[in-house]
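Accompanying notes for the structure given below.
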Amino acid sequence: MTALSTIRVLGLDPGLRHTGWGVIDVTGNRLSFVADGAIHTNEKQDLSRRLEVLHDGILDVIRAWTPDEAAVEETLANKNPSSTLKLGMARGIALLVTARAGLPVEQYLPMIVKKSVVGTGHADKAQVQHMVRMLLPGSQTTSADAADALAVAICHAHTAGTKRRVLDGMLGVRR
């Protein structure tokens with residue numbers, strides 16, 4: 001029997017004011033907390049500078065924690081078109097930086113992330129934070145944004161792990 005390999009996953013919860021990030025290790029079905037945090041921008045700076053701060057911050061996280069894969073929460077439209085557009089720009093930065101770093105990147109709807117972590121797609125932030133702490137012993141989640149990013153990473157671990165097992169079964173690979 002061969003040893004299970006560990007895959008490091010970076011989860012991102014993009015936002016123009018606060019982009020949460022979380023890193024977990026996945027070994028088989030076992031999830032381990034590595035790190036989390038948030039990248040904050042100054043609302044008084046112009047949009048281009050704020051996007052640059054997000055870019056540099058995400059790149060710093062990738063360099064520091066060397067993930068193998070990334071997962072980004074998808075943006076849903078809200079009532080304010082300007083806010084939706086800015087959120088989309090932050091998400092675009094998250095997708096660009098991870099892709100340019102050579103990471104495979106998946107995207108997940110918030111409802112799918114919540115269902116994967118809590119069991120219901122309509123969970124509130126407190127429920128998500130609680131379940132993240134339960135699923136990742138040792139994580140203190142530095143903010144709600146970081147907890148959401150860890151939830152995205154957990155969702156990816158479950159989804160990607162299932163995909164890997166299906167492909168392995170089809171190809172006859174044993175890990």
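Considering Cα pairs under 8 angstrom that are at least six residues apart, work out the relative contact order of the chain and quote it in whole percent.
Details: 332 pairs, mean separation 52.7, N = 175.
Normalised by residue count, the contact order of the chain is 30 percent.
Counting DSSP beta bridges with both partners in the chain, what percentage is antiparallel, nearest 5? Kindly include the intermediate steps, with their values, before the conclusion.
Numbers: 18 of 26 bridges.
Roughly 70 percent of the DSSP beta bridges within the chain come out antiparallel.
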Cα pair distances in the stretch 52-103, grouped into 10 Å bins until the bin that holds the longest one, percent each: 24, 49, 22, 5
Lysine pairs meeting the criterion (Cα under 22 Å, 8 or more apart or interchain), as found in the chain: 8
Calculated FRET efficiency for the pair residue 127/residue 42, C-beta based, R₀ 25 Å, to 0.05: 0.20
Acute angle (nearest 10 degrees) that the helix 144-171 long axis makes with the longest principal axis of the chain, alpha-carbon atoms: 40
Among 99, 151, 71, residue whose mean-square fluctuation peaks in a GNM of the chain (springs only between Cα atoms under 10 Å): 99
Dimensionless Rg/Rh of the stretch 6-171 - Kirkwood Rh, Rg from C-alpha atoms: 0.96
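Based on DSSP H runs of at least 4 residues, each adding -39500 (n - 2.57), what is the mean residue ellipticity at 222 nm of the chain after dividing by all its residues, to the nearest 500 deg cm²/dmol? The partial results should precede the final answer.
Details: 5 runs with 86 residues, N = 175.
Result for the chain: -16500 deg cm²/dmol, rounded to the nearest 500.
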Fluctuation leader among 25, 124, 36 - the chain, Gaussian network, Cα springs under 10 angstrom: 124
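Within 13 Å, Cβ to Cβ, of residue 149, how many net charges do the neighbouring residues add up to if Lys/Arg are +1 and Asp/Glu are -1? Can you show the working numbers first?
Values: positive: 91, 125; negative: 13, 36, 73, 145, 148.
Counting the neighbours of residue 149, the net charge comes to -3.
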Total charge dipole magnitude, the chain, about the Cα centre, Cβ charges on Lys, Arg, Asp, Glu only, Debye to nearest 20: 340
Max mean-square fluctuation residue, GNM over the chain, Cα-Cα springs under 10 Å, options 139, 116, 82: 82
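Every number here is computed from the coordinates shown, using simple stated rules; none is lab data. Note that the coordinates shown come from a computational prediction; the quantities given were computed from them, not determined experimentally. All Cβ positions, even for glycine, are placed from backbone atoms using ideal geometry, and neighbour counts span all protein chains on display.
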